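The values are calculated or read from the model by the stated rules, or taken from the named source; none is laboratory data. Because the structure is predicted, anything quoted here is derived from the model rather than measured. When we count neighbours, we look across all protein chains shown, and the Cβ atoms used for this are built from the backbone with ideal geometry, even at glycine. Surface areas here come from the heavy atoms of the whole protein model, side chains and all, with no ligands, DNA or RNA. Shrake-Rupley method; radii C 1.70, N 1.55, O 1.52, S 1.80 Å.
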Amino acid sequence: MTNYINPAPTVDIIIELKDHDYRPIVLIERKNEPLGWAIPGGFMDYGESVEETAIREAKEETCLDIELLDLLYVYSDPSRDARKHTLSVVFIAEAVGQPIPADDAKNLAIFPIEKIPSNLCFDHDLILQDYLNYRLNFNSKGICFPTRPLPKIKKSNA
């Protein structure tokens, strides 16, 4: 039997708080390496769909019940996570209430989109820039994401 080495599937959830003015988002401060601010999310469990993973991870890390609104993008750059090759399915969701840090979240904060901290963990700076572009373009022009070009694919000699 062939032993395949595959990327680990993950999800990230951009949670908009719909009961707050201007729909700010929730970021967590990670308890585990790499330390820093990040979008809530985590690894899929075997037998879960990505949607189930997103709902579970949001509840585990923020204690919020979310409603998934949209699929933002799939991020799969092999260097996005220094621990191992992962791919992340990123959802936009909404919730009501006060988030509470739990599980892998040491702390959390609510950020207006214009005050998101820089130097986030993983590729979350890129993800949130794409989210900002999505919010600006989708709301004013009714277009779908992505608004940036897809990465160039290296051709294989195989």
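Descriptive notes on the structure:
- Using the Stokes-Einstein relation with a Kirkwood hydrodynamic radius computed over Cα pairs, the translational diffusion coefficient of the chain at 37 °C and a viscosity of 0.692 mPa s comes to 201 µm²/s.
- Angle between the chain longest axis and helix 124-141 axis [Cα atoms, degrees, rounded to 10]: 60 degrees
- For the range 65-138, fraction of C-alpha pairs farther apart than 16 Å, in %: 61 percent
- Taking all protein chains together and rolling a 1.4 Å probe, SER49 ends up with roughly 40 Å² accessible.
- Long-range HN-HN contacts of LEU69 with modeled amide H, under 5 Å: ILE92, ALA93, GLU94
- Cα centroids of the range 1-24 and the range 41-91: 3 Å apart.
- Restricting the range 12-105 to trypsin sites (Lys or Arg not before Pro) that sit in a DSSP loop and have at most 14 other Cβ atoms within 10 Å of their own Cβ leaves LYS18, LYS31, ARG83, LYS84.
- For the chain, the longest principal axis of the C-alpha atoms and the axis of helix 50-62 are separated by about 50°.
- P(r) weight above 16 Å for the range 11-53, C-alpha pairs, percent: 51 percent
- In the range 37-97, chymotrypsin sites (Phe, Trp or Tyr not before Pro) in a DSSP loop with at most 10 other beta-carbon atoms within 10 Å: TYR46
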